Amino acid sequence: MTSPDTDAADQLRSLCGWMADADGLRGRVTGRERAPEPGTLGPVLESVLVALGPGGVATAIATTVIAVATQPKR
């Protein structure tokens, strides 16, 4: 999943955290950051990478994405 938007980058960071804590996904989730824009204070998360493999990883991803998407906005 990718996003060029700063607000979406915060959502991607949250999703990355949820996925990294999910059973079946631990150790398989990383965030990819892009270089900071001139005048900004650091890199922005632009994508969440998940290493696929056997053992229900796709199910764990789908379950986590659905759980995050149905959470009330804060």
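FYI, it's all coordinate maths here, none of it is from the lab. Since this is a predicted model, take the numbers as computed values, not measurements. When we count neighbours, we look across all protein chains shown, and the Cβ atoms used for this are built from the backbone with ideal geometry, even at glycine.
Mind checking the dipole of region 6-69: about its Cα centre, +1 per Lys or Arg Cβ, -1 per Asp or Glu Cβ, Debye to the nearest 20?
Details: 5 positive and 7 negative charges, 45 e Å.
Result for region 6-69 is approximately 220 debye, rounded to the nearest 20.
Can you tell me the 0 to 90 degree angle between the C-alpha axis of helix 6-21 and the longest principal axis of the chain, rounded to 10?
Once rounded, the angle reads 30 degrees.
Where does the chain land at 222 nm, in deg cm²/dmol rounded to the nearest 500, when only DSSP H runs of n ≥ 4 count, each adding -39500 (n - 2.57), divided by all residues?
Values: 2 runs with 29 residues, N = 74.
Mean residue ellipticity at 222 nm (helix-derived): -12500 deg cm²/dmol.
Quick one: length gained pulling R13 to T63 fully straight, 0.36 nm per residue minus the C-alpha distance? Please report the intermediate quantities before stating the final value.
Details: separation 50, 0.36 × 50 = 18.00 nm, distance 1.71 nm.
Difference between extended and current length: 16.3 nm.
Among V68, L52, G31, which residue has its Cα positioned farthest towards the positive end of the charge dipole of the chain, with +1 placed on the Cβ of Lys and Arg, -1 on the Cβ of Asp and Glu, and the dipole taken about the Cα centre?
L52
Taking Cα atoms, how many degrees apart are the long axis of helix 57-69 and the longest axis of the chain, rounded to 10 and kept between 0 and 90?
50
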